[in-house]
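Structure first, then comments.
The values are calculated or read from the model by the stated rules, or taken from the named source; none is laboratory data. Since the model is a prediction, treat every value here as computed from it, not as a measurement. Glycine also receives a Cβ, built like all others from the backbone with ideal geometry; neighbour counts cover every protein chain displayed.
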Amino acid sequence: MTNIAFDHNVLVVDDMRIPKRDHWKLVTTPDEALDILTDNQSWDIICLDHDLGGDLTIRPVIDHIVQNSRKFRETIFYIISSNPVGVDMMRQALSAKKLLAIPLTEDQKGLLFEFRSWEEMTGY
């Protein structure tokens, strides 16, 4: 896992973490993720956080992936949320469609992501 597909096509859906790889695509809201996922581009890896700021969660994105599971058969899903209930929901929903969903440990997340500063998140 430590050599996670640095050359692959990676989408990250997270409002707090910033990928340490510049070529990974980062989106911070469910709407942004859905806009990207509804096009014809394929993703080797999709990293998913559960809580996306305020009342926003990953749920609409998971619903889209589950409803279109054939499109994502070759995608690996890394679950990067620190919310245990959210991790379970994502893992169960994706696994029910036989999609590969792997929760990452905090150490693994630390190798791949940096946290946004308070100023970056709030603009203050």
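Here are the numbers for the structure shown:
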quantity: Selected residue (criterion: farthest from the chain's Cα centre (by Cα)) from residues of the range 11-21 that are more than 17 Å from D51 (Cβ to Cβ) and assigned to a strand (DSSP E or B); calculated: P19
quantity: Members of the range 57-110 found to be of a type in the set (K, R) and in a helix (DSSP H, G or I), listed by number; calculated: R59, R70, K71, R91, K109
quantity: Index of the failed condition, D39 passing every other in (1) over 11 Å from the mean Cα position of the chain (by Cα); (2) closer than 23 Å to G110 by Cα; (3) part of a loop (DSSP other than H, G, I, E, B); calculated: (2)
quantity: Conditions (1) closer than 16 Å to L111 by Cα; (2) modelled with pLDDT of 95 or more; (3) loosely packed, with under 15 Cβ neighbours inside 10 Å; number of the one not met by Q67; calculated: (1)
quantity: Residue within the range 22-34 that is part of a helix (DSSP H, G or I), surrounded by 19 or more Cβ atoms within 10 Å (Cβ to Cβ) and either touching a Phe, Trp or Tyr at 6+ places or on another chain (Cβ under 7 Å) or at pLDDT below 95 (or both) present; calculated: no
